[in-house]
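Here's the structure we're looking at; comments come further down.
The values are calculated or read from the model by the stated rules, or taken from the named source; none is laboratory data. Bear in mind that the values here come from a model prediction, so they are computed numbers and not experimental data. No Cβ is skipped: glycine too gets one built from the backbone with ideal geometry, and neighbour counts run over all protein chains shown. Protein only, heavy atoms only, side chains kept; ligands, DNA and RNA dropped before computing areas. Shrake-Rupley method; radii C 1.70, N 1.55, O 1.52, S 1.80 Å.
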Amino acid sequence: MPSNPFRTQPPPIPPRAGVGFKAEHYRELVETGPDVGFFEVHAENYMGDGGPPHRYLTAIRERYPLSLHGVGLSIGADRLLDRDHLRRLKDLIARYEPGLFSEHLAWSSHDTGFLNDLLPLPYTAETLARVCAHIDEFQETLGRQMLLENPSTYLAFAESTYSEIDFIAEVVRRTGCGLLLDVNNVHVASTNQQWDAEAYIDAYHYSCCFEGRLNPWAPMIRRSWTHAASIEEALALWAASLRAIKQRIRPLFTQQRVAANAGLFLEGLLGDEPRKTGWMRAEAAGDSGPWRQQAILGRGRWEADALRDIVRDYVIEHLADDDAVLVIDETGFLKQGKASCGVARQYTGSAGKITNCQIGVFATYVSRHGHAFIDRALYLAKEWTDDPDRLKAAYVPADVGFATKPKLATRMIARAIAASVPFKWVAGDTVYGVGDIEQQLRRAGKGYVLGVSSAHVFRSWGKRPPVAGTAADIARTRRSSDWKRLSAGAGTKGPRLHDWCYLELADLEAGQFNSTNDGLWTRGLLIRRRIADDDLAFFTTWCPVGTSIETLVAVEGHRWAIEDSFETAKNEFGLDHNESRSWHGWHRHVSLVMLAFAMMAAIRHRANPPPKKTKPRPPAKAKASPRRH
């Protein structure tokens, strides 16, 4: 087999129109280089080792993605796949690394004969098993997914027990193959058999289609984002939500061209590329280079803070709840070199050590409807804010000075309150359990469960028996009867059970912090003990008097949502794939990722409505026994 001349990964098929690569147009296509998204190539025309067809195809493949379309596997035939044909196909795919490979749902061979046509199949259990076995053999042998094209048929079989749509859906479910929707085939079949083509297309399983942009989302939608909704419903929500999001951000940009590029950037974040780099997003958008993608983060003139506010309003529009929790936390962005804005040797939990990284502080809105980021800020260490030349090189605005992480958090809380974001609680780890945040939340009439260190000093007032000392000292004095085993919420392996102890330290009038507030509130200490090793964690609390320990534990348990958000945003949306070094680039990239995440959180909520409440049926009235005379 000739060696593979290409060193890149198989290029994705961009969301643009492609054309067939036909022999009569070889020279013209190679010489003119038309502006098309990709070329579709019939595999059987290139099964030989060399000659002009391969010379022209090599020239095209160097410049365009390929979609390889087979017509000779005879997927539905009542015989084994032709091993020699499969080997030649494998060699061809290895040589040209097409973005896609497709075949027909049909048969064209019997015994040792080959028929020069693609013939229809009866949709029965026996046929289903045979088609699935052949697709499995192809996918396992070649280590890649096949797309199955809907057939062009002239008749229907009386013995069929599946409709075509249901048959195809079951093939996809069993094999994990994708689908290629040929609209012309739909027209031919519907005309010949007198059925409704539009109804067929409406029922088609778009979640598995490619040579479009929906396929990459099918695995994610199945895996984690929707459960109650069908794939079709979820994809319809996805498409409608993406259109609405693009319209919502359009006013940020003075030119339609820039707005369109921002939409493509967003689509790149939503795509299935594992790395959301400029080159990867450019390939997905059909661009020849990353310049348009990079311009969105760097050269374009638009306000990242305005996008942040759009994200916040969008999240509240879809996930608002008066009992929501605002969770504050930070995450690290590992970096090389010293030029990226804010990069320094500092501790990050993302790596579990001191390393070269940026630190971003985030606010996540967590309600019974879902969770999503609503604010963010890049932390600048003093080595940055004390160096004017470094600030200027990274385009840091002149009014940005040093601010601690708790200070950044107080600004986020203030923005949320000013925007009338509905929330009842704030939760955070030990970085944020400080006096400024506590005082801010007391004045605002918000409860909190904030982490503190074991050395944090607590004193009771007006409570008996009196309590005083460090959090660790107080924990050591607790009796076994003071602890209660409770779940902080559902985890990946079941309830997140710990032992908890809650001490009410003082009841205070809310009015002393803000005259518009009233009623008694309780300051307390919440202690968590890990069951496995007795490791302790401590939290300062503020809540209306009479609040139960179960409620406080539930609020603390909401902190998992921001960890889940960080993991998902990095793994699925490229939160940490920013290549821009500037202040504006970081905030723009992160805000666009927040928007993508918020869109999918809203889809998850809409696609998984809570179960309808049903009124209990009244007990049946007993029938009176007939009186005996």
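Rounded to the nearest 10 degrees, what's the angle between the helix 583-607 long axis and the longest principal axis of the chain, both from Cα atoms, 0 to 90?
Between the helix axis and the principal axis of the chain, the angle is about 80 degrees.
Give the cross-link partners of residue 405 among the aspartates and glutamates, using a straight C-alpha distance below 16 Å as the criterion and excluding same-chain residues fewer than 8 apart.
Reachable aspartates and glutamates: 329, 330, 375, 383, 429, 436, 438.
Just to be sure I understand: of the beta bridges DSSP finds with both ends in the chain, what percent are antiparallel, rounded to 5?
In the chain, approximately 70 percent of DSSP beta bridges are antiparallel ones.
Is there a pair in 446/493; 246/424; 338/407; 407/446; 22/246 whose C-alpha atoms are over 27 Å apart, and which pairs would that be?
446/493; 246/424; 22/246
Are there any chymotrypsin sites (Phe, Trp or Tyr not before Pro) in region 333-405 that are in a DSSP loop and have at most 15 other Cβ atoms within 10 Å? List them by number.
Loop-located and lightly packed - 395, 402.
Calculate, for region 404-545, the solvent-accessible area per residue in square angstrom, rolling a 1.4 angstrom probe over the heavy atoms of the protein chains.
50
Which listed residue (197, 156, 449) has the Cα farthest towards the positive end of the charge dipole for the chain, taking +1 on Lys and Arg C-beta and -1 on Asp and Glu C-beta about the Cα centre?
Result: 449, furthest along the dipole toward the positive end.
What ³J(HN,Hα) values, in whole Hz, does the Karplus curve 6.51 cos²θ - 1.76 cosθ + 1.60 give for region 404-416 when θ = phi - 60°, with x put for Gly and Pro?
Using θ = phi - 60°, the values come out as 5, 4, x, 5, 4, 5, 4, 5, 5, 4, 4, 5, 5 Hz.
Using modelled backbone amide H atoms (1.01 Å from N, in-plane), which distant-in-sequence or interchain residues come within less than 5 Å of residue 426's amide H?
Counting only residues 5 or more places away or on other chains, the set is 326, 447, 448, 449.
Ignoring ligands, DNA and RNA, what percent of the 1.4 Å accessible area of the chain is carbon and sulfur?
51
Determine the per residue accessible area of region 116-158 with all protein chains present and a 1.4 angstrom probe, expressed in square angstrom.
Value for region 116-158: 45 Å² per residue.
Dipole of the chain (Lys/Arg Cβ +1, Asp/Glu Cβ -1, origin at the Cα centre): which of 99, 544, 598 lies farthest to the positive side?
544
When only DSSP loop residues count, what trypsin sites (Lys or Arg not before Pro) in region 507-576 have their Cβ near at most 15 other Cβ atoms within 10 Å?
530
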